[in-house]
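Step one of this worksheet: look at the structure below.
The values are calculated or read from the model by the stated rules, or taken from the named source; none is laboratory data. Keep in mind the model is a prediction, meaning the values are calculated, not measured. Here the Cβ positions follow ideal geometry from the backbone for every residue, glycine too, while neighbour counts run over all protein chains shown. Side chains included, ligands, DNA and RNA excluded: accessible areas come from the protein's heavy atoms. Shrake-Rupley method; radii C 1.70, N 1.55, O 1.52, S 1.80 Å.
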Amino acid sequence: MYNNEELTALADFYKDQLVNDTVPFWFPRSFDHEYGGYLLMRDQDGSLIDTDKAVWIQGRACWLLSTLYNTVEPREEWLAGARLGYEFLKNKCFNAEGKMYFHVDQEGNPIRMRRYFFSETFAVIASAAYAKASGDEEAAQLARDLYGICLEYASAERKMEPKFEKTRPSRGIGIPMIMCNTAQQLRETIGDPRCDEAIANWIQEIEQYFVKDDIRCVMEQVAPDGSIIDHIDGRTLNPGHAIEGAWFILHEAVHRNMDEKLINLGLRMLDYMWERGWDKEFGGILYFRDVYNKPVQEYWQDMKFWWPQNEAIIATLLAYLITKDEKYATMHKLIHKYAYSHFHDKEHGEWFGYLHRDGGRAQSAKGNLFKGPFHLPRQEWYCWSIINQFKNKDNHE
């Protein structure tokens, strides 16, 4: 269990790590005052590896800086930094048809377009958080317009290029998950009347198709009717991703006045995928597992990536705050201790991204096309915020 003093100390730890360790690793050094946006491809000591820019991480970084300004402290440096990201996204990251790129060079010249619309979802939360911080109505309108486009992609009203042939159709958990959280962020910054119903629908889809209570599992992809596709790709689980989905649902339960049905769903998802993902020998959350415990195809399947640990830290803490169940306090202590003792760089700040199964470091990079200032600072910010929210709630009851 955690007593009040321990929770206060934990909240202070997360805020201190966020403000004095994680964020200073990235900013101000990553501000690109010449071309806009952020230079986030960085090595252990913060030195630049590459000047290219991943569009979705430009959005994530803009969201972070805006959120820090909105919720931690209204520092002008954070707002000015958020503006750099917002303007770069708006002016450099769309093609002529309005689709966002995935990868651009330092100046914003396009390098790669990907079929999915995740750049757009992160641009929604970035623009919405920036609009709240700045009062910029154009940013608010962009956030709402992009959210509408994301809804069209997610419902297939707006078509994406197909990734596979029609031989083996499937549906994935990624779209309902990211749409759920995108709508939550939009609702909590500038508001949008479309959000509540959409969130409820995305959660219903996750429960109906992906949560398998009979085998205690959350699938990453299934057949259109929800049945398991008994091939390597169909059997592959991503425990950290499903645990992230669990805390999105627990967050929604809190928002909806401790909705018991949503609490139950989120806890089941966390329980199932902790059982599947926690490495009992070395600690930490494994990257991939097979639903039937067969060999996994991807060679990095038993590595420890940074972000599943971040999601498990959030999910176990939130589960504990909601339930006061000692089981979740124990889980949270395990993952918190593992992650901060293995990933954190005490010399330069921030976390390494990639460890071998036994905890040995696979490489030194802290920023690339997939890792940047998001999962770790979001975890530290959210854990600090949610502890204070529950403490305030308890004090008023």
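Computed values, structure above
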| read-out | value |
| --- | --- |
| Average projection area in nm² (convex hull over Cα atoms of region 251-392, one quarter of hull surface) | 9.7 |
| Coordinate range along principal axes, alpha carbons of the chain, Å, largest first | 56, 53, 45 |
| Amide H contacts of residue 114 (H built 1.01 Å from N, under 5 Å, at least 5 apart or other chain) | 102 |
| DSSP-assigned coil residues among trypsin sites (Lys or Arg not before Pro) in region 152-204, each with at most 16 further Cβ atoms within 10 Å | 158, 159, 163, 166, 194 |
| Approximate spin-label separation residue 229-residue 215, in nm, with each point projected 7 Å along Cα-to-Cβ | 1.5 |
| Probe 1.4 Å, accessible area per residue of the chain, Å² | 42 |
| Surface share of carbon and sulfur [accessible, 1.4 angstrom probe, percent] for the chain | 48 |
| Distant-in-sequence amide H partners of residue 229 (H built 1.01 Å from N, under 5 Å) | 223 |
| HN-Hα J in Hz across region 237-247 - Karplus 6.51, -1.76, 1.60, θ = phi - 60°, x for Gly and Pro | 9, 10, x, x, 5, 5, 5, 4, x, 4, 6 |
| Pairs from 99/132; 304/393; 132/327; 166/304; 366/393 whose Cα-Cα separation, in the structure shown, is over 27 Å | 304/393; 132/327; 166/304; 366/393 |
| Most to least packed among 358-370, 11-23, 114-126 [average Cβ atoms within 10 Å] | 114-126, 11-23, 358-370 |
| Residues of region 28-70 with amide N under 18 Å of a point placed 7 Å along Cα→Cβ from residue 385 | 59-70 |
| Additional length obtainable on full extension of the chain from residue 71 to residue 9, 0.36 nm per residue less Cα span | 20.4 nm |
| Residue list for region 239-266, given a label point 7 angstrom along the Cα-to-Cβ vector of residue 326 and an amide N cut-off under 12 Å | none |
| Extension reserve of the residue 275-residue 106 stretch, reckoned as 0.36 nm per residue once the Cα distance is removed | 56.6 nm |
